[in-house]
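Quick note: the coordinates plus some simple rules give every number you see, no bench work behind them. Just so it is clear, the model here is predicted, and its values are computed rather than measured. Ideal geometry is used to build each Cβ from the backbone, glycine not excepted, and the neighbour counts take in all protein chains shown.
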Amino acid sequence: KAGVTQTPRYLIKTRGQQVTLSCSPISGHRSVSWYQQTPGQGLQFLFEYFSETQRNKGNFPGRFSGRQFSNSRSEMNVSTLELGDSALYLCASSLAGVEQYFGPGTRLTVT
Amino acid sequence: GESVGLHLPTLSVQEGDNSIINCAYSNSASDYFIWYKQESGKGPQFIIDIRSNMDKRQGQRVTVLLNKTVKHLSLQIAATQPGDSAVYFCAENGVEGTYKYIFGTGTRLKVLA
């Protein structure tokens, strides 16, 4: 069974731009969660989608948004990028929320 | 790993010894806990989970212990191998029945040959 895939793996953007990251979950998994990982703050929960609905949300500003499609693939968008948004963005999938499996992440660098 | 804190607590163990990694969780309402392993340049890898109605769960070479009284989790790795070298995170679901995970800061495990 293929694992969680994330695209792109690396991205460089300029302050003020926006970015869209993509996550394809493990086949059959309906829950997709997004996390931000930085050396200073560690792993922080962004949001979780289940069957195309946002089920849980973390404490990030509205510039961070996401969506999930009917095939369970998910995207997250960050608008008006700031230097502090530089991080590894991780996606995790699960059948229903428990036992999450992570993808390799997208490394976003904002200059 | 490139994405992990530079100043994590580090546990160094000799190859073949047992390792014990500890984690204090934050929310007494959490009812589901997971241990993850993260190697350099990779996403976290699921190791083992435990629900709050249990105090111990065993997997292959790993055991998780849960002490709800003091909000403490531990991960025991038997016969530690060089491939176990990584950063280990505990995660809690934060609120009973939800999946809004809170991750600990992580512990770096170094296996000495």
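Among the residues of segment A:30-37, is there at least one that is free of Cβ contacts under 8 Å to residues at least 40 places away in the same chain, crowded, with 18+ Cβ neighbours inside 10 Å and hydroxyl-bearing (Ser, Thr, Tyr)?
No - not one qualifying residue is present in segment A:30-37.
So that you can scan it fast, the table gives a plain yes or no per residue for (1) on the phi > 0 side of the Ramachandran plot; (2) surrounded by fewer than 18 Cβ atoms within 10 Å (Cβ to Cβ); (3) not in a strand (DSSP E or B):
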site: B:Asn22; (1), (2), (3): no, yes, no
site: B:Lys37; (1), (2), (3): no, no, no
site: B:Ile47; (1), (2), (3): no, no, no
site: B:Leu65; (1), (2), (3): no, yes, no
site: B:Thr69; (1), (2), (3): no, yes, yes
site: B:Leu73; (1), (2), (3): no, no, no
site: B:Val95; (1), (2), (3): no, yes, yes
site: B:Lys110; (1), (2), (3): no, yes, no
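If a residue has to be surrounded by 16 or more Cβ atoms within 10 Å (Cβ to Cβ), more than 11 Å from chain B (Cβ to nearest Cβ) and outside any strand (DSSP E or B) to count, how many in segment A:43-72 make the cut?
Here the count works out to 2.
Of everything in segment A:62-82, what is touching a strand residue (DSSP E or B) at 6+ places or on another chain (Cβ under 6 Å) and over 15 Å from A:Gln18 (Cβ atoms)? Give them in sequence order.
A:Gln68, A:Arg73, A:Ser74
Evaluate the following for B:Asp17: is it assigned to a loop (DSSP other than H, G, I, E, B) and of a type in the set (D, E, K, R)?
Yes; evaluated as a whole, the condition is true for this residue.
Would you point out which residue out of B:Tyr25, B:Tyr36, B:Tyr101 is of a type outside the set (Val, Ile, Thr), touching a Ser or Thr at 6+ places or on another chain (Cβ under 9 Å) and closer than 28 Å to A:Trp34 by Cβ?
On inspection, the qualifying residue turns out to be B:Tyr101.
Testing B:Leu73 on (1) within 14 Å of another protein chain (Cβ to nearest Cβ); (2) touching a Cys at 6+ places or on another chain (Cβ under 6 Å), one condition comes back false. Which one is that?
Unmet condition: (1).
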